[in-house]
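Colleague: First the structure, then my questions, so here it is.
None of the figures in this text is laboratory data; all of them are computed from the coordinates on show. Note that the coordinates shown come from a computational prediction; the quantities given were computed from them, not determined experimentally. Because the Cβ atoms are built from the backbone with ideal geometry, glycine has one as well, and the counts that use them run over all protein chains shown.
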């Protein structure tokens, strides 16, 4: 008798949870901070240039950002961090060793003395590959101001602030977004929710992306049927796509027991969360997988998932795949 009652309660709970999972706007206001551009093809799917397309042009340069724009990619991702003279630059690593061959930290280097990019730049998500400089390529790391000036204001730019705890960097970022009238087409965030909250407090109208920890948290809430009832503060969700290539790169770049655990957890999330992605989409939260550079992985994401886009170092390949889809 008691068991039947428990099963009945669980059944009702699951039914209610699923109903609101598929109809979230009955409980939550649809998010509309982010103004998405037109998709590059009629598939209504997006391509995101990771570091502006690190396979195709030298990462962190104005040339790379303009290249992505020229091929029809209107969502560009880059990391940013602050230099010793308080200038934000479009650069990922904490030092210049990988990309420039110079053993110096970004935060200890003035913007007037940034090193030039080297001839061969390793690509993180494709461990054995590098970008090889071509004649006429730029070697100059761009500032955020130069990036904003180089692409139209309608292009969505996703910025991860590496110096998350740096209050000057936070305010500089907000000031540049405001002065360039890019509030609705710039997505910002950090690796930790507490710093995202600080950014949001500086200007609540600027869209925020989910840190990886929040993606895991929301996935657990989804598994237990609680996600439909939980407020979500973020506007943009990048979900790691665990492919064989990504797993190999992770173990080569960061060999540790933690990486083994990360690969396992990320595989579970990225292959079992499609209804969660649908839920995000219906709440007005943009979704994409990152980072896929192999044709089979990109095509699998576009064909077999509800994600709105793919983040890739090969934006031209992704657009070509979209154009071939029925």
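Colleague: Determine the calculated [θ] at 222 nm for the chain from helices alone, applying -39500 (n - 2.57) to every DSSP H run no shorter than 4 residues and normalising by the residue count; nearest 500 deg cm²/dmol.
Modeller: Rounded to the nearest 500, it is -12000 deg cm²/dmol.
Colleague: Shape verdict for region 261-326, please, from the Cα gyration tensor: rounded (a/c under 1.5), prolate (a/b greater than b/c) or oblate. Spell out each step's value before the answer.
Modeller: Values: a/c = 2.00, a/b = 1.26, b/c = 1.58.
Oblate is the answer for region 261-326, as a/c is 1.5 or above yet b/c matches or exceeds a/b.
Colleague: Now a separate question. Taking all pairs of distinct Cα atoms, average 1/r, flip it, and tell me the Kirkwood hydrodynamic radius of region 1-122 in Å to one decimal place.
Modeller: Working: mean 1/r = 0.0535 Å⁻¹.
The answer is 18.7 Å.
Colleague: Apply the a/c threshold of 1.5 to the C-alpha gyration tensor of region 173-326 and tell me whether it is rounded, prolate or oblate.
Modeller: rounded
Colleague: When DSSP assigns beta bridges and you keep just the ones with both residues in the chain, what percent turn out antiparallel, to the nearest 5?
Modeller: Counting DSSP beta bridges with both partners in the chain, the antiparallel share is about 30 percent.
Colleague: Which ordering of 44, 300 is given by a fewest-first count of other beta-carbon atoms within 10 Å? Don't jump to the answer; show the numbers that get you there.
Modeller: On the way: 44 9, 300 16.
With the sparsest Cβ surroundings first, the list reads 44, 300.
Colleague: Can you give me the angle between helix 193-202 and the longest principal axis of the chain, using Cα atoms only, in degrees from 0 to 90, rounded to the nearest 10?
Modeller: Tilt relative to the chain: about 70 degrees.
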